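The values are calculated or read from the model by the stated rules, or taken from the named source; none is laboratory data. For clarity, every value in this text was computed on a predicted model and none was experimentally measured. Please note: Cβ atoms are built from the backbone with ideal geometry, for glycine as well, and neighbour counts cover all protein chains shown.
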Amino acid sequence: MNAARVLALLLSAAGVVVLVLVLKPPPEPEFVELQSSSQCLECHPNVAAEWRDSWHARAYVDPEVRRLSNDFANEECIACHAPRPVLHFQAGERVLARFAERDLGVDCLTCHQLPDGSVATSSPDPPAAPCRPRHSPRLADVSLCASCHDQHGTVRQWAAAPPELKGEGCLDCHAEPVPRPAGRMGRAHHFPGGHDPDMLRRAVELRAESEAGGRVRVELENVGAGHNFPTDERSRAADLQWRERGSDGTWSAWRHLHRFRDPYRDETDLTNTQLPAGETWRGTVTPEEAGAEVEVRLLYRTNPFQPDEEATEVHRVSVAPGG
């Protein structure tokens, strides 16, 4: 065999070796079972920053939660404010409280850790990584949220909502799509809710207009929430108030008109006055001075005893004198 042919065979063999090396999938990284959500933060800094800005991250340390739970002497609250991984339980099943790192609140492992220690992702083709990410359809299902957020009926309220308000699930309103590395789309982890003024304003519409006899008709319509308003924690409350401007130009004090709230079980003298999705509450006020200018406002309270100055003013409407 001449030298040229030997060289050709060697080059051909080398080419096959190179091709095999190129096409051969890289070895899968050694599996690392996550013991803490702090291990996620290095690889996912953008998501971590969003999560830190969320009320999920503050679920256990929020001073208001501490007060309302008597510093978690009401141990029933801990299960949802520092839960074990939800995917370790059946869909919709109530979770149990964890014992470690409770200050992280509702953290990465709460929603993403699978029973075998790997990590659930919404991506249909997740990249190889030490945490072994795997696609899980439960991550986008309402049952994931229901484990905590249906303790007071929110997911059941969503199921009964009109189709045009309920969307495909919780994430449609509470986790908008955002671009992630490698050109893929993911979900934002801020999870806005009752602490977000813009979301509150989009949820309901406040209207007021004059009626015969000097009365003012007031309406509040749930136009944007795919569940009751306000929902979830029974400590939430929304109040309609009104005032009038007298002929001397001064405003009266704010007067109570109506409260929207689901009371605690031991408040047996109260009934559930939440406003279901798509429905409208109607009432009237009568100024002391005929034809007086009237203002109506809606305040949202993150606890029912919150003073007016600490509540969020969601809407305010005016009815002109004699209007």
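Of all residues in the stretch 139-163, exactly one satisfies the criterion of being more than 19 Å from GLY92 (Cα to Cα) and without any contact (Cβ under 8 Å) to a residue 24 or more places away in the chain, namely PRO163.
Condition first: on the phi > 0 side of the Ramachandran plot, among the polar types (S, T, N, Q) and in a loop (DSSP other than H, G, I, E, B). Can you find one or more residues in the stretch 84-104 that meet it? Steps first, answer last, please.
As a first pass, look at the stretch 84-104 and keep what is on the phi > 0 side of the Ramachandran plot: 92, 101.
Adding the requirement that they be among the polar types (S, T, N, Q) leaves none.
Scanning the stretch 84-104, I find no residue that is on the phi > 0 side of the Ramachandran plot, among the polar types (S, T, N, Q) and in a loop (DSSP other than H, G, I, E, B), so the answer is no.
Within the stretch 207-226, the presence of a residue that is surrounded by 21 or more Cβ atoms within 10 Å (Cβ to Cβ), touching a residue at least 60 places away in the same chain (Cβ under 8 Å), outside the structural domain of LEU298 (by TED's automatic domain parsing) and more than 15 Å from PHE260 (Cα to Cα) is excluded.
Restricting to the stretch 268-281, and then to whatever is in contact (Cβ under 8 Å) with a residue 40 or more places away in the chain and more than 29 Å from PRO321 (Cβ to Cβ), can you tell me which residue is surrounded by the fewest Cβ atoms within 10 Å (Cβ to Cβ)?
First, pick out the residues of the stretch 268-281 that are in contact (Cβ under 8 Å) with a residue 40 or more places away in the chain: 274-281.
Checking the rest, the ones that are also more than 29 Å from PRO321 (Cβ to Cβ) come to 274-279.
Details: GLN274: 23, LEU275: 21, PRO276: 17, ALA277: 22, GLY278: 18, GLU279: 15.
Among those residues, the one meeting the criterion is GLU279.
Kindly establish whether GLU93 is within 23 Å of PRO304 (Cβ to Cβ) and outside the structural domain of LEU275 (by TED's automatic domain parsing). No, not satisfied. Only one entry of GLY117, GLY105, GLY92 meets the criterion of being small (Gly, Ala, Ser) and buried (at least 19 other Cβ atoms within 10 Å of the Cβ), and that entry is GLY105.
Condition check ((1) surrounded by fewer than 19 Cβ atoms within 10 Å (Cβ to Cβ); (2) without any contact (Cβ under 8 Å) to a residue 24 or more places away in the chain; (3) outside any loop (DSSP other than H, G, I, E, B)) across all residues:
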residue: ASP262; (1), (2), (3): no, no, no
residue: ASP266; (1), (2), (3): yes, yes, no
residue: GLY283; (1), (2), (3): yes, no, yes
residue: LEU299; (1), (2), (3): no, no, yes
residue: PRO304; (1), (2), (3): yes, no, no
residue: GLU309; (1), (2), (3): yes, yes, yes
residue: GLU313; (1), (2), (3): yes, yes, yes
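Here PRO179 fulfils each of the conditions (1) without any contact (Cβ under 8 Å) to a residue 12 or more places away in the chain; (2) closer than 30 Å to GLU288 by Cβ apart from (2).
For the stretch 72-87, the set of residues classified as exposed (fewer than 15 other Cβ atoms within 10 Å of the Cβ) and not aliphatic (A, V, I, L, M) consists of ASN74, GLU75, GLU76, listed by residue number. Go through the residues of the stretch 243-265 one by one and say whether even a single one is closer than 15 Å to LEU200 by Cα, of a type in the set (Ser, Thr, Tyr) and either modelled with pLDDT under 95 or in contact with a Lys or Arg (Cβ under 6 Å, 6 or more places away or on another chain) (or both). Looking for residues that are closer than 15 Å to LEU200 by Cα, of a type in the set (Ser, Thr, Tyr) and either modelled with pLDDT under 95 or in contact with a Lys or Arg (Cβ under 6 Å, 6 or more places away or on another chain) (or both), one finds none in the stretch 243-265, hence no.
In the stretch 152-194, the qualifying residues are those that are aliphatic (A, V, I, L, M) and under 11 Å from the mean Cα position of the chain (by Cα), and the one that is farthest from VAL47 (Cα to Cα) is LEU171. Only a single criterion out of (1) closer than 30 Å to ASP125 by Cα; (2) touching a residue at least 12 places away in the same chain (Cβ under 8 Å) is not satisfied by MET185, namely (2). Right, SER235: surrounded by fewer than 20 Cβ atoms within 10 Å (Cβ to Cβ), on the phi < 0 side of the Ramachandran plot, touching a residue at least 40 places away in the same chain (Cβ under 8 Å) and not assigned by TED's automatic domain parsing to the domain that holds VAL155 or not? So SER235 does not fit the description; no.
Give the residue that is nearest to ASP172 (Cα to Cα), with candidates limited to residues of the stretch 194-206 that are of a type in the set (A, V, I, L, M) and either in contact with a helix residue (DSSP H, G or I) (Cβ under 7 Å, 6 or more places away or on another chain) or surrounded by fewer than 22 Cβ atoms within 10 Å (Cβ to Cβ) (or both).
The initial filter retains those residues of the stretch 194-206 that are of a type in the set (A, V, I, L, M), namely 199-200, 203-204, 206.
Of the ones still in play, those that are also either in contact with a helix residue (DSSP H, G or I) (Cβ under 7 Å, 6 or more places away or on another chain) or surrounded by fewer than 22 Cβ atoms within 10 Å (Cβ to Cβ) (or both) are 199, 206.
Numbers: MET199: 13, LEU206: 24 Å.
If we take residues in the stretch 194-206 being of a type in the set (A, V, I, L, M) and either in contact with a helix residue (DSSP H, G or I) (Cβ under 7 Å, 6 or more places away or on another chain) or surrounded by fewer than 22 Cβ atoms within 10 Å (Cβ to Cβ) (or both), then MET199 is nearest to ASP172 (Cα to Cα).
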